[in-house]
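I have placed the structure first, in the form of structure tokens, so that the comments after it can refer back to it.
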Amino acid sequence: MTVIEQWTGRHAHALRSALRLTNEAFADQLGVSPRTVTKWRERPEMVPSQHLQGALDTSLNQASPDARVRFAATLGLDHRRIPHDHSALIQLNEALGDLARALARLESEDPERSPTH
């Protein structure tokens, strides 16, 4: 999990973006004014108060796994891929195998259909 030692406006703005929240919704979640959230975007070097440091930690900890990956990727902290559904990958792999076998059958029945001819 990504840990931020000291939150800055840059981190806070990245979290808001990763959560896909408007300034107003993010401000409401943190208990601040929308203007504060706007200032973070305008002044990325700004360091929020200790109280807000904790609120931002909590917001990141409660974020979905996808939002955490987006947050880390936005900041260049983590190059992991977005989590995926392994059962869907297995089904797609099986479908590709079925398609390859069907194509091979068609090519063996009519060599003129083969892309290599």
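The values are calculated or read from the model by the stated rules, or taken from the named source; none is laboratory data. Treat the numbers as computed from the prediction; the structure is a model and nothing was measured. Backbone-built Cβ (ideal geometry, glycine too); neighbour counts: all protein chains shown.
Quick notes on this structure:
- The test for being modelled with pLDDT of 95 or more and exposed (fewer than 13 other Cβ atoms within 10 Å of the Cβ) does not hold for Gln29.
- The set of residues in the stretch 9-18 being without any contact (Cβ under 8 Å) to a residue 40 or more places away in the chain and over 14 Å from the mean Cα position of the chain (by Cα) consists of Gly9, His13.
- Listing of helices (runs of 4 or more DSSP H) fully contained in the stretch 19-110 that carry 2 or more residues being among the hydrophobic types (A, V, I, L, M, F, W, C) and over 21 Å from the mean Cα position of the chain (by Cα): 86-109
- Checking each residue in the stretch 19-58 for being of a type outside the set (S, T, N, Q), more than 23 Å from Gly76 (Cβ to Cβ) and free of Cβ contacts under 8 Å to residues at least 24 places away in the same chain picks out Glu24, Ala25, Ala27, Asp28, Val32, Pro34, Arg35, His51, Gly54.
- Sole residue being over 18 Å from Glu5 (Cα atoms) and at pLDDT below 95, chosen from Arg68, Arg43, Arg81, Arg35: Arg81
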